[in-house]
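Colleague: First, the structure itself, so that you have it in front of you.
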Amino acid sequence: AKDAGRGVHRLFERDREDHLQRIDLLQREFLQAMARDELVLHYQPKVDMSTGEIWGVEVLVRWLRQGELRMPAGFIEAVEQRAPLIRQLGRHMLEAAASQIDHWLGTGRRWYVSVNIGAQHLLDPAFIEDVDEVLARHPAAAAWLQIEVTEQAALRDLESTRRALAACRARGLAVALDDYGTGHASLTYLQELPANQIKLDQRFVGRLLVEPRALAIIAGTLTSARLLDLDVVAEGVESVEQGELLLQLGCQVAQGYLISHPLPADALTAWADAWLPP
Ligand code: C2E
Ligand code: CA
Ligand code: CA
Ligand code: CA
């Protein structure tokens, strides 16, 4: 039995090594993919459900790997484990978002473009230099660029997170707290961090119609947000019923498959031109 135990132990050891090697390989491939410009960006609208107005769009990364479009669920965790990788992705996304803003402003579309920033990048002292570099190339984009951050950064270092977000705000950027309500100290962060917007996590939105607790959390968040003068966006809105209840609760801006899937920039522009407010 003892021998068998050692065998199992060795097996797990090998599994762990395999796992680490897989992550290592993924990280090296992702670095190459960025260099070869194999990242594909999709944009998903955030829409005011009461007027139909497009408030802005969130940019989401995909990876075109051997002819297959891979979603962030398959690689973003590995990328976030390596500071240089998540920083390079962040810089790439900020630059893409800012030039897209320039392009849209040039065609009369005043949309916020939101970029997801990983915790390690936000906490990197060079983060704000990365922002400044992009803004130097695209000064008009500052007023339309938003960064989306989760609680991860604040959990690690609240003061540095606060400082990084304040530096963004000082440059005219908007800040959204992403996946709101899923963490442990959401309310604390709401009070401590200079944000303009809260994104209700799709897990709550998805259970809104079936779970009184989800409804209570959303209603409570909306009350706090009103008191603090913050916008609220509901993410993962998939049905008309969810949208209607959210509107009744006072949440106007929504993002989700009900309105549009994330699309390439040109397709999103075409969608917006054809979009008729409900
Ligand atoms: P997130 O920031 O919470 O983004 C929302 C996710 O929900 C996106 O998945 C979006 O496609 C999906 N979604 C939108 N509407 C609906 C809906 O109605 N129903 C459902 N079930 N899902 C919906 P995606 O694009 O696969 O991204 C997953 C996560 O990967 C993002 O979650 C974000 O945390 C991360 N991510 C994506 N792009 C980037 C990036 O450029 N940088 C970083 N650091 N993270 C990124
Ligand atoms: Ca997001
Ligand atoms: Ca989210
Ligand atoms: Ca998320």
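The values are calculated or read from the model by the stated rules, or taken from the named source; none is laboratory data. All values derive from a computational prediction rather than experimental measurement. Cβ: placed from backbone, ideal geometry, glycine included. Neighbour counts: every protein chain shown.
Colleague: Yes or no: Gly56 buried (at least 22 other Cβ atoms within 10 Å of the Cβ), under 22 Å from Gly236 (Cα atoms) and more than 13 Å from ligand 1 (Cβ to nearest atom)? If you could, list the steps in order and put the result at the bottom.
Modeller: On the way: buried (at least 22 other Cβ atoms within 10 Å of the Cβ): yes; under 22 Å from Gly236 (Cα atoms): yes; more than 13 Å from ligand 1 (Cβ to nearest atom): yes.
Yes: the conditions hold for Gly56.
Colleague: Looking at region 28-41, which of its residues are more than 30 Å from Asp273 (Cα to Cα) and either within 20 Å of the chain's Cα centre (by Cα) or of a type in the set (S, T, N, Q) (or both)? So that I can check it myself, show each step before the final result.
Modeller: Step one: filter region 28-41 for residues more than 30 Å from Asp273 (Cα to Cα), giving 28-36.
Phe30, Gln32, Met34 - these are the residues of region 28-41 that are more than 30 Å from Asp273 (Cα to Cα) and either within 20 Å of the chain's Cα centre (by Cα) or of a type in the set (S, T, N, Q) (or both).
Colleague: Is it true that Ile117 is within 21 Å of Pro84 (Cα to Cα), of a type in the set (A, V, I, L, M) and surrounded by fewer than 22 Cβ atoms within 10 Å (Cβ to Cβ)?
Modeller: Values: within 21 Å of Pro84 (Cα to Cα): yes; of a type in the set (A, V, I, L, M): yes; surrounded by fewer than 22 Cβ atoms within 10 Å (Cβ to Cβ): no.
No, not satisfied.
Colleague: Could you check Phe127 against (1) out of contact with any His (no Cβ under 6 Å at 6 or more places or on another chain); (2) buried (at least 22 other Cβ atoms within 10 Å of the Cβ); (3) not polar (S, T, N, Q) and say which number it fails?
Modeller: Of the numbered conditions (1) out of contact with any His (no Cβ under 6 Å at 6 or more places or on another chain); (2) buried (at least 22 other Cβ atoms within 10 Å of the Cβ); (3) not polar (S, T, N, Q), the odd one out for Phe127 is (1).
Colleague: May I pose another question? With the requirement that a residue be in a helix (DSSP H, G or I) and either within 16 Å of ligand 2 (Cβ to nearest atom) or touching a residue at least 12 places away in the same chain (Cβ under 8 Å) (or both), what does region 223-254 give you? Working first, answer last.
Modeller: Our first condition is that a residue be in a helix (DSSP H, G or I); within region 223-254, this holds for 223-228, 240-249.
The answer is Ser224, Ala225, Arg226, Leu228, Val240, Glu241, Gln242, Gly243, Leu245, Leu246, Leu247, Leu249.
Colleague: Another one. Restricting the search to region 130-182, which residues are within 19 Å of the chain's Cα centre (by Cα) and among the polar types (S, T, N, Q)?
Modeller: Once the filter is applied, which keeps residues that are within 19 Å of the chain's Cα centre (by Cα) and among the polar types (S, T, N, Q), region 130-182 yields Gln146, Thr150, Gln152, Thr161, Thr182.
Colleague: OK, next. Going through Leu123, Leu158, Leu165 one at a time, which residue ends up being in contact with a Pro (Cβ under 9 Å, 6 or more places away or on another chain), hydrophobic (A, V, I, L, M, F, W, C) and either within 22 Å of Thr182 (Cα to Cα) or within 16 Å of ligand 3 (Cβ to nearest atom) (or both)? Before the answer, list the steps.
Modeller: Working: Leu123 fails: in contact with a Pro (Cβ under 9 Å, 6 or more places away or on another chain); Leu158 fails: in contact with a Pro (Cβ under 9 Å, 6 or more places away or on another chain).
Just one listed residue meets the conditions, Leu165.
Colleague: Can you tell me which residue among Gln252, Gln248 is more than 16 Å from ligand 4 (Cβ to nearest atom) and closer than 17 Å to Lys199 by Cα?
Modeller: Details: Gln248 fails: closer than 17 Å to Lys199 by Cα.
Testing whether each residue is more than 16 Å from ligand 4 (Cβ to nearest atom) and closer than 17 Å to Lys199 by Cα leaves just Gln252.
So that you can scan it fast, the table gives a plain yes or no per residue for (1) in a loop (DSSP other than H, G, I, E, B); (2) at pLDDT below 95; (3) over 24 Å from the mean Cα position of the chain (by Cα):
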site	(1), (2), (3)
Asp3	no, yes, yes
Arg6	no, yes, yes
His9	no, yes, yes
Arg14	no, yes, yes
Ile23	no, yes, no
Leu26	no, yes, no
Tyr43	no, no, no
Leu60	no, no, no
Ala78	no, yes, no
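Colleague: Going through region 172-210 one residue at a time, which ones are assigned to a loop (DSSP other than H, G, I, E, B), over 17 Å from Leu155 (Cα atoms) and modelled with pLDDT under 95? Working first, answer last.
Modeller: Step one: of region 172-210, the residues assigned to a loop (DSSP other than H, G, I, E, B) are 172-173, 181-185, 193-196, 201, 208-210.
Within this subset, residues satisfying the condition of being over 17 Å from Leu155 (Cα atoms) are 172-173, 196, 201, 208-210.
Passing the criteria: only Asp201.
Colleague: Here's another thing I want to ask about it. Of the residues Gly236, Gly256, Gly250, which single one is farther than 28 Å from Ala153 by Cα and modelled with pLDDT of 95 or more?
Modeller: On the way: Gly236 fails: farther than 28 Å from Ala153 by Cα; Gly256 fails: farther than 28 Å from Ala153 by Cα.
Gly250 is the lone residue from the list that is farther than 28 Å from Ala153 by Cα and modelled with pLDDT of 95 or more.
Colleague: Could you list, ordered by first residue, the pairs with Cβ atoms under 7 Å in which the first is in region 163-192 and within 18 Å of Leu123 (Cβ to Cβ) and the second is of a type in the set (Phe, Trp, Tyr), at least 6 apart or interchain?
Modeller: Sorted first by the residue in region 163-192, then by its partner, the pairs are Ala164/Phe127; Leu177/Tyr189.
Colleague: Return yes when Leu208 is without any contact (Cβ under 8 Å) to a residue 40 or more places away in the chain, of a type outside the set (D, E, K, R) and farther than 20 Å from Asp229 by Cα and no when it is not. Reasoning before the result, please.
Modeller: On the way: without any contact (Cβ under 8 Å) to a residue 40 or more places away in the chain: yes; of a type outside the set (D, E, K, R): yes; farther than 20 Å from Asp229 by Cα: yes.
Yes.
Colleague: With the checklist (1) free of Cβ contacts under 8 Å to residues at least 60 places away in the same chain; (2) under 18 Å from the mean Cα position of the chain (by Cα) in hand, flag the one item Asn116 doesn't pass.
Modeller: Going through the list (1) free of Cβ contacts under 8 Å to residues at least 60 places away in the same chain; (2) under 18 Å from the mean Cα position of the chain (by Cα), Asn116 breaks only (1).
Colleague: I would also like to ask the following. State whether one or more residues within region 103-112 are in contact with a helix residue (DSSP H, G or I) (Cβ under 6 Å, 6 or more places away or on another chain) and in contact (Cβ under 8 Å) with a residue 40 or more places away in the chain.
Modeller: Among the residues of region 103-112, at least one is in contact with a helix residue (DSSP H, G or I) (Cβ under 6 Å, 6 or more places away or on another chain) and in contact (Cβ under 8 Å) with a residue 40 or more places away in the chain, which makes the answer yes.
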